[in-house]
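Report on the structure given below.
Coordinate-derived values only; no laboratory data. Predicted model, so just to flag it, every value in this text is computed and none were measured. Heads up, the Cβs are rebuilt from the backbone with ideal geometry, glycines too, and the neighbour counts pull from every protein chain shown.
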């Protein structure tokens with residue numbers, strides 16, 4: 001087949017382009033594992049509920065209830081470093097003892113409690129950064145010290161013959177959440193929201209960026225012909241224009257396939273590296289051990305059908321951006337113009353559904369807006385990923401079908417533009433025209 | 001039947017006419033030269049005959065085939081070397097010739113290699129070729145497939161003497177074997193040497209046409225350069 005000579009040429013020209021190798025093939029393999037690793041590392045920095053924490057306990061009271069409170073702190077996982085009667089700089093003392101938190105028991109603490117009056121405990125925390133993990137650590141320290149105070153209250157109440165734990169919670173709250181036909185506990189729901197950021201939000205976000213990069217491949221393919229001034233010789237070859245277009249599309253698809261494989265490998269590494277983070281999220285909210293697996297359906301299912309469908313979604317999404325790239329390449333005058341135009345055409349199409357679907361379900365949007373969104377192929381890409389997440393595979397296949405139909409329509413427009421002289425005479429410039 | 005023929009050919013870019021009722025007839029087997037100042041309409045004429053552009057009015061035919069109605073048939077008979085044609089920088093010269101031979105469905109790589117005269121450099125990537133080498137490989141790709149009509153827009157533009165002489169020699173060799181050439185050039189010496197017929201085009205119209213020797217006699221000038229300057233002066 002004569003077209004094979006063209007395909008060979010296209011592949012060689014594309015594969016030798018540094019921007020394509022870096023943007024489409026290497027970036028997913030670097031960025032996705034990097035994000036996964038970073039999240040996993042961030043997960044590691046969150047303090048575990050069972051972890052022993054060293055704190056400074058500055059005792060300016062020395063009374064009976066200080067010892068009780070100290071015991072309560074021990075029970076809640078603190079390892080207090082005791083300093084008796086110090087009025088020095090607390091920050092300096094914390095630095096000196098290498099701790100990030102200090103509890104100060106003020107003078108008259110035990111006497112106040114013995115008199116039935118509210119006493120005072122001071123908590124000082126050294127905050128190292130304004131990060132989520134740091135916020136979580138502060139919140140955890142506050143919770144544990146409050147819990148130690150509550151334990152002290154129970155001791156005081158029992159001395160007076162009262163079961164305080166009973167009065168604190170005379171009835172137990174039980175029940176479940178229903179999420180898309182599944183039953184889950186409130187604790188599991190909390191885990192789900194934590195996992196939302198790592199799967200339901202982050203996977204589409206990273207894919208949006210990667211797919212946008214791949215769209216420039218086809219634009220580059222045509223832009224290169226224009227820029228290198230090889231297009232005219234190509235167009236007078238004794239073969240049909242559609243054959244030239246198909247050769248370009250086929251070669252770009254091969255690049256897209258390699259890109260998909262690269263992205264898929266990166267995504268697998270990413271999902272695997274989240275294992276520790278995921279189990280951590282589950283354990284911290286449910287109180288289960290870190291090794292206990294999450295309930296199925298709450299995390300991205302690493303099963304064969306799910307992964308196969310994810311691969312198909314990625315490939316079709318890439319093929320759509322390639323088609324858009326071909327359009328951009330036809331309309332622009334050179335490689336840079338084609339890439340800019342491809343970005344300009346793709347980014348609103350990608351970002352609009354991405355942003356909207358983060359805030360709400362498509363069914364909750366006004367009918368006009370949801371219809372408009374459904375006319376965007378990338379809405380179907382995001383919904384397909386969501387349905388894989390929910391293991392609703394039939395819906396995934398329908399969304400893939402819709403994406404394929406859009407791709408065919410875009411290609412038909414590109415083929416129409418490829419005919420006649422439009423490819424040579426049509427120009428859309430993004431540069432500002434200089435005044436006459 | 002003419003190798004190339006236009007009848008009242010008009011082409012507009014927006015409101016601006018690039019060709020105004022142009023009529024040319026290129027005999028089969030001749031080297032037909034088109035000369036004229038920049039923007040005269042030479043490249044537009046070539047692009048229409050090469051099926052890249054459509055006429056706004058009138059008709060253009062190659063060996064009796066209409067360029068609008070039968071562009072596929074026309075493309076089988078022609079090759080076109082644009083003035084500023086580029087190369088595929090990641091392909092070697094040999095791979096490029098193989099690709100072109102395959103696309104035209106001919107076994108002509110050896111012939112192409114011979115025409116290019118690039119010898120061992122054929123195995124190198126074309127991205128490293130000099131301008132002269134690029135022009136030679138492109139010309140070789142145009143001629144090795146034995147087209148009935150070769151349209152060459154400024155085939156020696158920007159080349160040094162050695163490369164330019166080589167290109168002219170090859171064109172003459174192919175012309176003697178029966179290939180029809182439609183050539184444009186700003187080099188009047190080249191036109192005198194190469195062409196059987198010359199057409200002077202200005203503002204999209206033919207202002208003079210004939211054999212070089214006959215034109216010199218008619219206007220009593222020493223060379224085509226003088227003729228060109230004289231006729232252009234009359235047009236202003």
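Legend: mean number of C-beta atoms from other chains within 10 angstrom of residue C-beta atoms, peptide A:388-397, equals 0.
For the residues of A:226-232, the average number of beta carbons from a partner chain within 10 Å of their own beta carbon is 5. Going by neighbour counts of Cβ atoms within 10 Å, the residues A:355, A:347, A:233 line up, fewest first, as A:355, A:347, A:233. Residue exposure proxy: A:370, A:128, ordered by other Cβ atoms within 10 angstrom of their Cβ from fewest to most, comes out as A:128, A:370. Note on the range A:50-179: the C-alpha convex hull projects to 10.4 nm² when averaged across all orientations. Hey, what D do you get for chain B in µm²/s if you plug the Kirkwood alpha-carbon radius into Stokes-Einstein at 25 °C and 0.890 mPa s? Answer, rounded: 135 µm²/s. The Cα center of the range B:86-108 and the Cα center of the range B:147-161 differ in position by 18 Å.
Over the range B:1-65, the Kirkwood radius and the radius of gyration, each from Cα atoms, give a ratio Rg/Rh of 0.95. Cα centroids of the range A:154-168 and the range A:311-359: 66 Å apart. Take every pair of alpha-carbon atoms less than 8 Å apart whose residues are at least six positions apart; their mean separation over the length of the range A:50-179 yields a relative contact order of 26 percent. Its convex hull of Cα atoms gives the range A:301-349 a direction-averaged projected area, equal to a quarter of the hull surface, of 4.0 nm². For chain B, the relative contact order is 26 percent, taking Cα pairs closer than 8 Å that sit 6 or more residues apart in sequence and dividing their mean separation by the residue count. Dividing the summed helix terms, -39500 (n - 2.57) for each DSSP H run of n ≥ 4, by the number of residues in chain B produces a 222 nm estimate of -11500 deg cm²/dmol to the nearest 500.
Rg over Rh of the protein assembly as shown, using C-alpha atoms and the Kirkwood radius, what does it come to? Here Rg/Rh amounts to 1.24. Against chain B, whose longest principal axis is taken from its Cα atoms, helix B:93-104 shows a tilt of about 70°.
Between the alpha-carbon centres of the range B:170-200 and the range A:80-136 there is a gap of 98 Å. Of all the options B:45, B:122, B:97, the one that moves most in a Gaussian network model of chain B with Cα springs shorter than 10 angstrom is B:122.
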